[in-house]
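What follows is a set of notes on a single structure, which appears directly below.
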Amino acid sequence: MCDVYNDTDLFSSIYKICQDVIAGTQTAVLAFNQLSIFIDERKDTSSVLLDVLVTVEGEVHLAESRENAEKKFREFVALLFDTVIPEEVLRAELDCLDALKQEFKQQLIRTKTRLYFKQAKFNLLREESEGYSKLITELMEVNGNDPLQMSGIIKTRVLCLIGQFNLDPSRVIDIILECFESRPSEKAFFITLLKEINVVREYLCALLGFKYTFYQKSSKSTPYSLYVVTAELIRNDLLDILKVLAYMVPKTEAIKEGHRARASNGQARASKAETISTASIPVESSSVRNLEDAGSLGPSTMIQSVSFATVTAQQEADDLKLAENFTENVSLATNQKLGVACALLEAGSWLHAQPLLDRLPEYYAVQSSPRLCRALCELIEKAIDDFYLKRCSRRFHQSKKDLCAGFDGDVAAQQGLSKVTSWKELADLSSVLWYLGPRIAYSPKMTVKLLRLITDFYKKGEEDEDVLISRTFMDIIEECLLPSLTLSETNAALSEELWLLLQIFPYSWRYRLYGRWSQQSVRHPEINIARGKVLGKTRYVLKRLSKETVKVIGRQLGKQCHIHPMTVLDYLLSQVQTFDNFIGPIVDGLKFLTNLELDVLTYCIVTQLADPAKNQLKASDATLSPWLQALGTFVGSVYKRYTLELNGILDLVANQLKCCKSVDLLLLREVIQSMSWVESSTAATQEHVEALSGGEVLRQEAGGYSNAKNKRASQRLRDSLLTGDLATGMCILVAQQRDHVIFEDSKTLPLKLVGELVDQCSDTLQQLGTFLLSYIKADEYTRRIPPLHRLLSEYFLRLDAAMYLSRPTFIPKVIEAYDEEKKKVRANDIEGQKTKIDNAQKHVLFKTALDKTIDDVVAEIQNHISFPVDCKLPPRLIAVFWMMSLYDIEVPNAAYEKTIENVRRQAREVMDSFELSKAKRTKEEERLRGLESKLREEQKRQTDHVERMRTWLDASKNSIFRGESKWPGGRLSPSLRPAASSFL
């Protein structure tokens with residue numbers, strides 16, 4: 001046998017001996033004697049032997065005769081006790097000797113700690129403290145003007161101090177980290193110094209791990225400066241993030257448990273905030289001025305109540321008690337992983353922070369630390385700033401240099417977010433925005449920049465070019481921008497910025513976004529807490545709402561709406577449906593709402609009306625529920641006073657009519673009645689009837705039942721009805737609904753309610769038709785209403801409903817044909833001689849035009865006369881009856897004269913008024929004189945028209961009433977004959 005063995009040969013030889021022992025080809029004693037030869041020749045034989053034993057032990061468990069192999073292996077190991085290898089070492093390493101027991105594990109850990117971590121050089125008597133004090137002085141006096149140059153100088157001085165005072169290099173590195181921790185602003189210098197010293201990464205990891213472990217065991221708060229140092233070392237590749245995370249707490253299961261506890265705490269805080277107790281708060285006196293008239297202030301009134309500021313402070317104090325274990329300071333002090341992630345983001349290193357955030361539960365980091373959210377928002381703002389300056393004209397008064405403060409050089413550029421240069425890259429940035437969700441509100445400036453960019457995208461119509469980008473932006477609006485308003489701390493300006501974007505979308509898109517917004521409280525505890533606080537304040541404020549306090553309370557409600565409008569408005573609507581005397585004060589208080597919040601109000605109204613859990617009919621007597629009547633009154637008042645989009649509520653009524661539900665017609669009636677002068681009334685006086693039989697100007701001036709007219713509201717209602725040809729569809733649906741009530745609903749509903757619904761359908765149809773005739777020109781109405789035969793054959797309307805809708809189109813056709821006949825007569829004039837058409841010729845031409853129109857109408861209704869009475873009446877009589885109105889048969893001269901006299905009286909009052917300026921008086925006088933002139937012209941036109949109609953009736957009465965004896969009942973009723981005679 002050779003005298004000298006290399007390591008490989010020695011390992012192989014010992015391994016062969018152990019294999020023979022296990023296989024039984026060699027005894028344990030003989031094998032021990034062979035090992036003695038190796039021990040005499042090599043001093044490291046015992047160490048190699050231990051490695052072989054550990055390896056062979058694993059093979060023993062896989063042997064065919066395991067029990068026999070284990071017995072021989074133990075006999076062989078027993079011969080090695082305290083002769084070749086110490087017994088405690090064998091017991092610690094070999095499983096067959098109970099190496100897995102807890103005491104042996106602890107013994108092994110202590111041994112390794114004593115060998116590798118115990119500092120043997122530390123000795124205050126030998127390592128004088130003067131060297132360390134000078135080292136600290138050198139490190140702390142760095143000014144940081146030129147980090148590269150200063151690091152070289154300080155490196156030389158540090159090495160000199162180590163040699164001069166025999167300093168421990170390990171403790172020198174520790175002191176450098178301590179100085180770095182105390183002066184994070186000089187990070188460039190310390191990072192350069194550590195790189196020049198060539199510090200081993202594993203040692204830095206162990207050193208920082210010891211620091212984190214120290215704070216864990218001592219139950220002390222981990223300082224944020226340690227997170228900053230760790231983040232800078234990770235960012236500059238001096239530390240492995242995965243290795244240092246092994247030293248940090250809490251572990252994954254503890255983080256998940258804490259996340260669940262935070263969610264439960266958020267629910268408890270939200271529930272607590274919904275109720276405000278003022279029993280222990282002293283009552284204060286405050287003066288509020290009464291609102292007597294519009295624009296004037298009455299005397300002040302003393303009100304005893306608790307101030308709103310005191311209530312808010314009490315609510316915040318109660319909330320703070322519940323959240324004391326979940327504050328940001330507590331989270332950063334106890335969750336070391338979260339602190340490092342926050343420090344990495346503040347250093348601009350998204351590359352290293354993202355894997356760390358991915359290890360945490362969804363939204364855990366951003367829920368725990370608003371500071372982390374602001375750091376991430378700064379990264380996003382830095383990425384979109386150049387693109388914002390390029391696309392948007394509105395600038396922020398901040399230089400680009402200030403924006404980039406806190407991020408250093410190329411390292412931050414490489415590890416941060418890439419610059420956005422196109423819409424696609426902005427859409428790709430959504431992957432970062434999902435980490436924040438609605439918490440982008442913590443950085444209002446970044447939120448507004450992102451909002452304006454998306455607004456610019458949709459305003460310029462670029463969504464048609466890339467549908468995928470448009471969908472991504474819609475997701476950003478839904479998940480981030482719109483819910484951020486709840487966390488923005490009463491930011492009315494942000495609400496208006498959001499409305500500039502949302503008003504581009506149709507109402508169906510907006511309502512979907514609002515619906516998603518109302519559900520965000522489930523995923524985000526902060527929104528749920530804010531919702532609870534808003535609800536609690538709203539309840540408190542609304543209890544003190546009165547006519548005297550409407551202005552003050554309205555402001556407070558407006559502030560709460562800026563935070564979470566749906567919570568406030570839903571509660572207001574619930575109170576309105578319960579207490580109808582709240583309608584007036586609440587409508588007055590809504591003037592402090594922004595455009596977005598008013599649009600949310602329309603969504604809340606629609607959701608209340610469409611709620612399937614609410615019965616629109618009372619269960620006791622099957623009459624209309626009081627909540628529906630109160631809500632209808634509120635809807636009419638709100639739409640009359642404020643500029644709200646009507647398409648949502650009108651489409652709701654239309655869709656309900658498609659589903660054969662006529663109860664919601666109440667809303668349409670209230671809206672039309674409130675927004676225009678058109679209303680349905682059973683107490684019409686003779687003066688009103690006469691005024692309604694006049695022309696358009698007379699109807700507008702004297703035909704209404706209310707003197708308070710809102711032309712702007714009427715124009716908004718007209719524009720909404722004309723959008724998408726909704727007016728035509730609504731008229732047809734209302735007309736169809738009456739038949740459904742009579743033939744279908746009457747089978748299940750009480751007779752009284754059926755009668756009311758039929759009357760409601762008829763009144764609403766007349767109200768809607770009157771409104772359209774008043775605010776739409778005749779040619780526009782004729783163009784939009786389908787022809788008579790289509791109304792009868794395609795839409796299956798009753799003859800009376802179809803003729804009512806078509807009636808305004810007949811006389812314009814007659815006038816048009818009459819004018820054409822006059823043109824033909826004038827076309828035959830001899831050149832140079834103009835023939836004057838006398839009244840007799842005019843009557844003949846008018847009769848020709850009218851007869852042609854009547855013949856066309858008779859042809860259209862001939863095959864659709866289905867009712868028994870109508871079948872026996874002459875079709876021409878039916879056509880004449882439905883074609884004519886009061887305007888065609890009588891001139892309301894008394895109504896004209898009374899209205900003209902009223903206009904003159906107003907003109908005299910204007911002339912004698914000293915409150916108006918001279919220019920305003922002149923302008924008002926001109927308007928009134930023009931109105932008088934229009935009334936005179938309209939009266940003259942109607943007089944001529946009625947004269948022609950009466951002449952035609954006198955000439956055509958025999959043909960109209962031909963065959964009277966064959967009518968139902970034999971002849972014309974005696975009671976109707978005098979009236980018919982006087983009429984003809």
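Which FRET efficiency, nearest 0.05, do Thr8 and Phe210 yield, Cβ-Cβ r, R0 35 Å?
Using R0 = 35 Å, I get an efficiency of 0.40.
Among the lysines, select those whose C-alpha is under 29 Å from the C-alpha of Lys251, and discard any that sit fewer than 8 residues away in the same chain.
Within reach: Lys101, Lys105, Lys112, Lys118, Lys211, Lys217, Lys220, Lys243, Lys321, Lys337.
Which value, in Å² and to the nearest 10, is the accessible area of Tyr795 when all protein chains are kept and the probe is 1.4 Å?
Tyr795 has an accessible surface of roughly 70 Å² with all protein chains in place.
Report the gain in length on full extension from Val249 to Leu351: 0.36 nm times residue separation, minus Cα-Cα distance, nm rounded to one decimal. Write down the numbers at each step before the final one.
Numbers: separation 102, 0.36 × 102 = 36.72 nm, distance 2.19 nm.
Full extension from Val249 to Leu351 adds 34.5 nm.
Quote the accessible area belonging to Asp237 in square angstrom, nearest 10, computed with a 1.4 Å probe and with ligands, DNA and RNA left uncounted.
Result for Asp237: roughly 100 Å² accessible.
Greater than 21 Å separation of Cα atoms is the criterion. Which listed pairs, Lys711/Lys940; Lys449/Lys559; Lys537/Lys559; Lys419/Lys449, meet it? Show your work: numbers first, answer last.
On the way: Lys711/Lys940 26 Å; Lys449/Lys559 24 Å; Lys537/Lys559 10 Å; Lys419/Lys449 15 Å.
With Cα atoms farther than 21 Å apart: Lys711/Lys940; Lys449/Lys559.
Loop only by DSSP, 13 or fewer other Cβ within 10 Å of the Cβ. Give me the chymotrypsin sites (Phe, Trp or Tyr not before Pro) in the stretch 848-951 that pass, ordered by residue number. Numbers along the way, then the final one.
On the way: sites: Phe881, Trp882, Tyr887, Tyr896, Phe914; in loops: Phe914.
Qualifying residues, ordered by number: Phe914.
Can you return the aspartates and glutamates within cross-link range of Lys195? Criterion is Cα-Cα under 13 Å, with same-chain partners fewer than 8 residues away left out.
List returned: Glu232, Asp237.
Given points 7 Å out from each Cα along the Cα-Cβ axis, report the Arg42 to Ser170 separation in nanometres with one decimal.
So the label points at Arg42 and Ser170 sit 3.1 nm apart.
Probe radius 1.4 Å, ligands and nucleic acids ignored: give me the carbon and sulfur share of the accessible area of the chain as a rounded percent.
Using a 1.4 Å probe with all protein chains present, the chain comes out at 53 percent carbon and sulfur.
Read phi for every residue in the stretch 17-32 and hand back ³J(HN,Hα) as whole Hz from Karplus 6.51 cos²θ - 1.76 cosθ + 1.60, θ = phi - 60°, with x for Gly and Pro.
Once θ is set to phi - 60°, the couplings for the stretch 17-32 become 5, 5, 5, 5, 5, 5, 6, x, 7, 8, 7, 5, 5, 5, 5, 5 Hz.
Tell me which residues come under 5 Å, amide H to amide H, from Ile85 once H is placed; ignore anything under 5 positions away on its chain.
Placed amide hydrogens put nothing under 5 Å from Ile85.
In whole Hz and in residue order, list the ³J(HN,Hα) couplings for the stretch 758-767 that follow from phi through the Karplus curve 6.51 cos²θ - 1.76 cosθ + 1.60, θ = phi - 60°; x for Gly and Pro.
5, 4, 5, 5, 5, 5, 5, 5, 5, 5
For the residue pair Arg260 and Arg66, what label-to-label distance in nm results when each label sits 7 Å from Cα along the Cα-to-beta-carbon direction?
In this crude label model, Arg260 to Arg66 measures out at 3.8 nm.
How large is ³J(HN,Hα), in whole Hz, for each residue of the stretch 514-521 in order, when computed from phi with the Karplus curve 6.51 cos²θ - 1.76 cosθ + 1.60 and θ = phi - 60°, using x for Gly and Pro?
My calculation for the stretch 514-521 gives 5, x, 5, 4, 5, 9, 6, 5 Hz in order.
Given contacts defined as C-alpha pairs under 8 Å and at least six residues apart, what's the relative contact order of the stretch 606-707, whole-number percent?
With pairs under 8 Å counted, the relative contact order is 22 percent.
Which option, (1) 184; (2) 174; (3) 356, is the value of volume of the Cα convex hull per residue in Å³ that was calculated from these coordinates?
Working out volume of the Cα convex hull per residue in Å³ from the coordinates points to (3).
Test of understanding: what is the full-extension gain from Cys660 to Leu873, defined as 0.36 nm times their sequence separation minus their Cα-Cα distance?
That pair, Cys660 and Leu873, stretches by 73.4 nm at full extension.
With every protein chain left in place, what is the accessible area per residue of the chain in square angstrom, probe 1.4 Å?
For the chain, the solvent-accessible area averages 51 Å² per residue.
Would you mind pulling out the separation of the Cα centroids of the stretch 623-646 and the stretch 752-777, in Å?
The distance from the Cα centre of the stretch 623-646 to that of the stretch 752-777 comes to 17 Å.
Taking 0.36 nm per residue of separation and subtracting the Cα-Cα distance, what length does fully extending Arg905 through Asp95 add?
Roughly 280.0 nm would be gained on extension.
Applying 1/(1 + (r/R0)^6) with R0 = 45 Å to the Cβ-Cβ distance of Ser221 and Leu500, what FRET efficiency is obtained, to the nearest 0.05?
0.50
Once you've got the Cα coordinates, tell me which of Lys661/Lys777; Lys134/Lys187; Lys533/Lys614; Lys847/Lys957; Lys390/Lys424; Lys547/Lys591 are over 24 Å apart.
Numbers: Lys661/Lys777 31 Å; Lys134/Lys187 20 Å; Lys533/Lys614 27 Å; Lys847/Lys957 13 Å; Lys390/Lys424 15 Å; Lys547/Lys591 15 Å.
Over 24 Å apart, Cα to Cα: Lys661/Lys777; Lys533/Lys614.
Tell me, what is the percent relative contact order of the chain, built from C-alpha pairs under 8 Å that lie six or more residues apart?
Once normalised by length, the contact order is 6 percent.
5 Å is the cut-off here: which amide hydrogens, built 1.01 Å from N in the peptide plane, fall below it relative to Leu617, excluding neighbours closer than 5 in sequence?
Distant-sequence amide H within range of Leu617: Ser625.
How big is the antiparallel share of DSSP beta bridges in the chain, given as a percent to the nearest 5?
Details: 8 of 9 bridges.
In the chain, approximately 90 percent of DSSP beta bridges are antiparallel ones.
Tell me, what is the 1.4 Å probe accessible area of Lys777, in Å² to the nearest 10?
150
For the chain, what does the helix formula give at 222 nm: sum of -39500 (n - 2.57) over DSSP H segments with n ≥ 4, over the residue count, nearest 500 deg cm²/dmol? Please list the in-between numbers first.
Working: 51 runs with 667 residues, N = 984.
Mean residue ellipticity at 222 nm (helix-derived): -21500 deg cm²/dmol.
The values are calculated or read from the model by the stated rules, or taken from the named source; none is laboratory data. In this text, all values refer to a predicted model and were calculated from it rather than measured experimentally. Counting neighbours? That spans all protein chains shown, and the Cβs are built from the backbone with ideal geometry, glycine included. Ligands, DNA and RNA are stripped out before the accessible areas are found, and what is left, the full protein with its side chains, is counted by its heavy atoms. Shrake-Rupley method; radii C 1.70, N 1.55, O 1.52, S 1.80 Å.
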